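The values are calculated or read from the model by the stated rules, or taken from the named source; none is laboratory data. None of the values given here were measured: they were computed from a predicted structure. With ideal geometry, Cβ positions are generated from the backbone for all residues, glycine too; neighbour counts draw on all protein chains shown.
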Amino acid sequence: MKSLHVFAAAMIACVALGQKPGEQVGSTLDTKYTMAVHLQYLTYLPLDYDKDPAEKWPLVLFLHGAGECGTDLDKVKVHGPPKLIAQGKQFPFIVVSPQCPSTKDWWSVDPLVALLDEVEKTYRVDLDRVYLTGLSMGGYGTWSLACAHPERFAAIAPICGGGLPRLAPNLKGLGIWVFHGAQDPTVNLSESQEMVDALNAAGIEVRFTVYPNAGHDSWTETYDNPELYKWLLSHKRAS
């Protein structure tokens with residue numbers, strides 16, 4: 001009897017849609033969809049942030065690697081800008097460093113967009129000077145987020161990551177500086193090379209730094225280099 005009721009309900013649904021059993025028809029979904037987002041993150045404000053209440057500041061969004069996933073936010077300070085800040089370095093921009101809950105989640109675009117929205121609403125962010133960088137898993141996340149929402153960024157610096165070459169044309173107008181170690185045993189150099197080749201094929205200018213003797217850790221030298229930050233800050237979002 002239960003299966004009969006289910007069949008009857010399905011028939012009613014089909015009739016409501018104007019669809020006959022055995023037919024295949026096209027439909028459109030128009031709805032609002034929301035998702036729960038839970039992200040811990042570190043925020044750094046420049047020393048002069050409170051001097052002028054009207055001043056807006058550049059923002060760097062940093063995505064860590066797989067080893068820093070979890071619920072211990074201090075792990076995010078192991079590498080990259082959060083590490084340097086923990087050591088006492090001062091930056092002339094806001095730095096936001098989220099923590100991916102687990103390696104199975106990787107970096108998903110929607111939660112990061114939600115975080116970016118929240119940060120830009122909470123702090124005095126110069127929307128024309130928002131930058132994105134990440135290492136390893138965060139390098140993949142950098143490519144993914146930038147290709148999905150290139151309009152949000154002025155420049156990106158993915159380190160030892162990879163992306164979808166077919167989406168490379170989306171990045172037109174962004175400053176792009178890619179880094180990788182030639183001896184990387186974890187993420188092959190070809191992952192970055194394929195994205196660089198796709199950018200070149202699309203006529204998009206890109207800088208590509210390959211450290212000939214570096215393994216997977218191509219990020220320490222990169223983030224220790226003041227030229228990276230000068231280069232980021234030299235870019236503004238394209239019109």
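So that you can scan it fast, the table gives a plain yes or no per residue for (1) part of a loop (DSSP other than H, G, I, E, B); (2) over 21 Å from Leu132 (Cβ atoms); (3) modelled with pLDDT of 95 or more:
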{"position": "Lys32", "(1), (2), (3)": "yes, yes, no"}
{"position": "Tyr49", "(1), (2), (3)": "yes, no, yes"}
{"position": "Glu55", "(1), (2), (3)": "yes, yes, yes"}
{"position": "Lys75", "(1), (2), (3)": "no, no, yes"}
{"position": "Val95", "(1), (2), (3)": "no, no, yes"}
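All but one of (1) in a strand (DSSP E or B); (2) of a type in the set (Gly, Ala, Ser); (3) more than 28 Å from Asp50 (Cα to Cα) hold for Gly138, so report the exception by its number.
Against the list (1) in a strand (DSSP E or B); (2) of a type in the set (Gly, Ala, Ser); (3) more than 28 Å from Asp50 (Cα to Cα), Gly138 comes up short only on (1).
Under 7 Å by Cβ, and 6 or more places apart or on different chains, what pairs join a residue from the stretch 112-124 that is more than 20 Å from Pro150 (Cβ to Cβ) with one that is surrounded by 14 or more Cβ atoms within 10 Å (Cβ to Cβ)?
Tyr123/Ile94; Arg124/Lys56; Arg124/Trp57
Do we have Trp107 as of a type in the set (Phe, Trp, Tyr), in a loop (DSSP other than H, G, I, E, B), at pLDDT 95 or above and under 12 Å from the mean Cα position of the chain (by Cα) here?
Here the answer is yes, as Trp107 does meet what is asked.
Can you tell me which of Leu61, Leu112 is in a strand (DSSP E or B) and within 16 Å of Gly141 (Cβ to Cβ)?
Working: Leu112 fails: in a strand (DSSP E or B).
None of the other options fit; the residue is Leu61.
List, please: which pairs have Cβ atoms under 6 Å, are six or more places apart or on different chains, and start with a residue in the stretch 197-224 that is without any contact (Cβ under 8 Å) to a residue 60 or more places away in the chain and over 26 Å from Leu167 (Cα atoms) and end with one that is of a type in the set (Asp, Glu) and surrounded by 13 or more Cβ atoms within 10 Å (Cβ to Cβ)?
Partner pairs satisfying both residue conditions: Gly215/Asp184.
Collect the residues in the stretch 31-49 that are more than 20 Å from Thr71 (Cα to Cα), surrounded by 10 or more Cβ atoms within 10 Å (Cβ to Cβ) and out of contact with any Lys or Arg (no Cβ under 8 Å at 6 or more places or on another chain), keeping them in residue-number order.
Across the stretch 31-49, the qualifying residues are Leu45, Pro46, Asp48.
Given the structure, is Ser192 surrounded by 16 or more Cβ atoms within 10 Å (Cβ to Cβ), under 29 Å from Gln90 (Cα atoms) and small (Gly, Ala, Ser)?
no
Is it the case that the stretch 127-136 has a residue that's farther than 18 Å from Val96 by Cα and either buried (at least 22 other Cβ atoms within 10 Å of the Cβ) or in contact with a helix residue (DSSP H, G or I) (Cβ under 7 Å, 6 or more places away or on another chain) (or both)? Outline the logic, then answer.
Of all residues in the stretch 127-136, those farther than 18 Å from Val96 by Cα come to none.
For the stretch 127-136, residues farther than 18 Å from Val96 by Cα and either buried (at least 22 other Cβ atoms within 10 Å of the Cβ) or in contact with a helix residue (DSSP H, G or I) (Cβ under 7 Å, 6 or more places away or on another chain) (or both): absent.
Looking at (1) farther than 24 Å from Val109 by Cβ; (2) crowded, with 23+ Cβ neighbours inside 10 Å; (3) of a type in the set (Phe, Trp, Tyr), find the lone condition where Trp231 falls short.
Going through the list (1) farther than 24 Å from Val109 by Cβ; (2) crowded, with 23+ Cβ neighbours inside 10 Å; (3) of a type in the set (Phe, Trp, Tyr), Trp231 breaks only (2).
Are any of the residues in the stretch 78-85 touching a residue at least 12 places away in the same chain (Cβ under 8 Å), over 17 Å from Val37 (Cα atoms) and part of a loop (DSSP other than H, G, I, E, B)?
Restricting attention to the stretch 78-85, the residues satisfying the condition of being touching a residue at least 12 places away in the same chain (Cβ under 8 Å) are 78-85.
Remaining after also requiring over 17 Å from Val37 (Cα atoms): 78-85.
Pick out the ones that are also part of a loop (DSSP other than H, G, I, E, B) and you get 79.
Looking through the stretch 78-85, at least one residue is touching a residue at least 12 places away in the same chain (Cβ under 8 Å), over 17 Å from Val37 (Cα atoms) and part of a loop (DSSP other than H, G, I, E, B).
Looking at the stretch 74-100, which of its residues are surrounded by 16 or more Cβ atoms within 10 Å (Cβ to Cβ) and either out of contact with any helix residue (DSSP H, G or I) (no Cβ under 8 Å at 6 or more places or on another chain) or on the phi > 0 side of the Ramachandran plot (or both)? Spell out the reasoning first.
We begin by selecting, within the stretch 74-100, every residue surrounded by 16 or more Cβ atoms within 10 Å (Cβ to Cβ); these are 76-77, 79-85, 91, 93-100.
Within the stretch 74-100, just Gly80 meets the criteria.
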